[in-house]
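The values are calculated or read from the model by the stated rules, or taken from the named source; none is laboratory data. Since this is a predicted model, take the numbers as computed values, not measurements. Cβ sites come from the backbone with ideal geometry, for glycine too, and all protein chains shown count toward neighbours.
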């Protein structure tokens, strides 16, 4: 993709602080990190949505991200890490090249995801589960 900032990073047109690269994925530090060490793991192939990434590449993304999370915990002496993937504008995806965030976390880092917690009305949980299962298509 000609105008994709992540494709430009992969192609070396825009500099990045690379953490890891192989034939399938590229990982680099986010320029606007939630916490220091915040890393993005992206497929080298351009995929706007996580749903179009081939399974072997998506698996590689998560494998690499978890290893980077462990390395960052150790290097930065932190307590944990989050893996976060937003798929689509409504989910908060800003760059339309699928990417997996690795966010190193400390107990007192003062970052909160602000998850709300809804309560299902009677029967709604089973209804949604059955409907989603009916639409699920796996290879």
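Worth a mention:
- A search for C-beta distances below 9 Å between a residue of region 107-122 that is within 19 Å of residue 86 (Cβ to Cβ) and any residue that is assigned to a loop (DSSP other than H, G, I, E, B), counting only pairs 6+ apart in sequence or on different chains, returns 111/34; 111/35.
- The set of residues from region 112-136 being part of a loop (DSSP other than H, G, I, E, B) and exposed (fewer than 10 other Cβ atoms within 10 Å of the Cβ) comprises 112, 113, 114, 115, 116, 117, 118, 119, 121, 122, 123, 136.
- From the list 55, 75, the one residue that fits, being out of contact with any strand residue (DSSP E or B) (no Cβ under 8 Å at 6 or more places or on another chain), over 16 Å from residue 6 (Cα atoms) and touching a residue at least 60 places away in the same chain (Cβ under 8 Å), is 55.
- In region 68-78 there is at least one residue matching the filter, namely being assigned to a loop (DSSP other than H, G, I, E, B) and touching a helix residue (DSSP H, G or I) at 6+ places or on another chain (Cβ under 8 Å).
- From the list 14, 68, 10, the lone residue that is modelled with pLDDT of 95 or more, crowded, with 16+ Cβ neighbours inside 10 Å and more than 30 Å from residue 137 (Cβ to Cβ) is 68.
- Residue 89 being in contact (Cβ under 8 Å) with a residue 60 or more places away in the chain and either closer than 30 Å to residue 138 by Cβ or within 12 Å of the chain's Cα centre (by Cα) (or both): no
- Any hit, region 28-41, residues being at pLDDT 95 or above, over 15 Å from the mean Cα position of the chain (by Cα), in a strand (DSSP E or B) and surrounded by fewer than 18 Cβ atoms within 10 Å (Cβ to Cβ): no
- Exclusive hit being under 25 Å from the mean Cα position of the chain (by Cα), modelled with pLDDT under 95 and surrounded by 11 or more Cβ atoms within 10 Å (Cβ to Cβ), set 109, 139: 109
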